[in-house]
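**Q** Could you have a look at this structure, given as structure tokens, before my questions?
Throughout, read-outs are computed from the coordinates displayed, never taken from laboratory work. Everything numeric here is computed off the predicted structure, so don't read it as measured data.
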């Protein structure tokens, strides 16, 4: 498939066809890795999942959550056995 290179601000851009987007699962805002091969070919790949970055984000999110009373403790305190 031949793609057209267009001006985007001070850079150049290539529009990725929707068929490729559907097949790769990419969406707006995703990060991709571009590399050049020895023969001058350019490859674009979806950035691999970064487990450490995900863990750090999860930790930050969890720390920002307010801890409340345990649901089970609340139920047990009002239940009759």
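**Q** Students often get this wrong, so try it: which of [x] 19, 58, 21, 2, 0; [y] 11, 26, 22, 16, 10, 9, 5, 1; [z] 13, 16, 15, 14, 12, 10, 8, 6, 4, 2, 1 is P(r) over Cα pairs in 10 Å bins from 0, in percent as calculated from the structure shown?
**A** Step by step, P(r) over Cα pairs in 10 Å bins from 0, in percent for this structure corresponds to label [y].
**Q** Normalised by the number of residues in the chain, what is the relative contact order in percent for Cα pairs under 8 Å and 6+ residues apart?
**A** 13 percent
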